[in-house]
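Here's the structure, in C-alpha cells; my notes come after.
Where a number appears in this text, it was derived from the coordinates with a stated rule and is not lab data. Since we're looking at a predicted model, the values are computed, not measured. Note that we place each Cβ from the backbone using ideal geometry, even for glycine, and neighbour counts take in every protein chain shown.
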Amino acid sequence: MTEDLSSGPREQGSQWYDNEAGPLVRPYAMTGGRTKPGPTGVRFDLIALVTLDAGAPGIDDDTALGPEHRALIELCRPETQSVAELAAGADLPVGVVRVLLGDLLELGCVTVSRPVPPAQLPDERILREVIEGLRAL
C-alpha cells in the first residue's frame, strides 16, 4: 500500500480535512451548484457596494441562512462593503460571494448600489468655474 505524501498528513479517517488548508468545502457545495446569482438581474461588479438592511425579516435567524451567508452579513454589519472586500474578508472566491449575495438580495437582507461611473461625474473644468464664480461673489 502506498501513501500519498504530497497532500500532507491528515487526521485519521477524515477525507474532508486538510491540515494546511483546513476544512475542505468546495465552492459548488456552498452555492448549491449555482454559478450565477439568482433571477434578480443584478450584476455584482467588484466595486458594487453592499449595505446590510438591518430591518430585514430573518436576518438574525440563525437557521434561515447558511454559515457563509451569515459571514457576509457580519462583514456588512459595521459598514458598507464592496463585493471585492466581502470576498477578501470572508476568504471566499468572488464567484461564490456573488451567488451568496444574490441569495441575500432576494431575501431582502442587503441592498446593492454602484459608485457613480467616472463618465457621469461633473467635468473638473466645470467645477473650477463654479468655484471661481462663487469666489467672485
Task: Residues whose placed amide H lies under 5 Å from that of SER82, excluding near-sequence neighbours - done: VAL50
Open item on the list: If each residue of separation counts as 0.36 nm, what is the full-extension length gain between ARG70 and ILE126 once their alpha-carbon separation is subtracted?
Closed with: 15.7 nm
TODO: Would you calculate the separation in nanometres between label points at ALA119 and VAL94, each defined as 7 Å from the Cα along the Cα-to-beta-carbon direction?
DONE: 2.0 nm
